[in-house]
Amino acid sequence: MTENTTSNRLDTFRKQENKDEMKIQVISFVSMIAFTIIAFALVGTQLMTGAYLSILLFVLAVVQAMFQFLYFMHLKDKGHGPASALIYGGMIIATTVILSLGVITWW
């Protein structure tokens, strides 16, 4: 009897956990679609041009990449430390190289 009650509580807990995870997945997916639409609208309507547009598009891309890493690749979960370190380290190195080349080129 006790085993069945524990099993039911565990099933209820897992269902609620899965429901919460699905809600977060949908919210992050909708957010990424919104970021994409905003980027297309900014470029398509030419409300902004030049460096400001490039910086804003870069920021939107970084935020969207972070959503993808954290929620769709599950890097926010336990046990993904080495993979997270490699991905974030690569992003830091790539950003440093791009900024360095930009400074060297346009300074």
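Under the condition of being within 14 Å of F72 (Cα to Cα) and of a type outside the set (A, V, I, L, M, F, W, C), which residue from the range 19-30 is surrounded by the most Cβ atoms within 10 Å (Cβ to Cβ)?
Looking at residues that are within 14 Å of F72 (Cα to Cα) and of a type outside the set (A, V, I, L, M, F, W, C), I get S28.
Say we look at the range 1-46 and pick out the residues that are over 26 Å from the mean Cα position of the chain (by Cα) and aliphatic (A, V, I, L, M); which of these is nearest to T95 (Cα to Cα)?
Of everything passing the filter in the range 1-46, L10 is nearest to T95 (Cα to Cα).
Would you check which residues across the range 54-107 are polar (S, T, N, Q), within 29 Å of A41 (Cβ to Cβ) and either over 14 Å from the mean Cα position of the chain (by Cα) or not assigned by TED's automatic domain parsing to the domain that holds I37 (or both) and list them?
S54, T95
Report every pair of residues separated by at least 6 positions or lying on different chains whose Cβ atoms are under 8 Å apart, first residue within the range 40-57 and among the small types (G, A, S) and exposed (fewer than 13 other Cβ atoms within 10 Å of the Cβ), second part of a helix (DSSP H, G or I) and at pLDDT 90 or above.
Within 8 Å, no pair qualifies.
The values are calculated or read from the model by the stated rules, or taken from the named source; none is laboratory data. Computed from a prediction, not measured in an experiment: that's the story for all the values here. Positions of Cβ are generated from backbone atoms using ideal geometry, with glycine treated the same way; all protein chains shown enter the neighbour counts.
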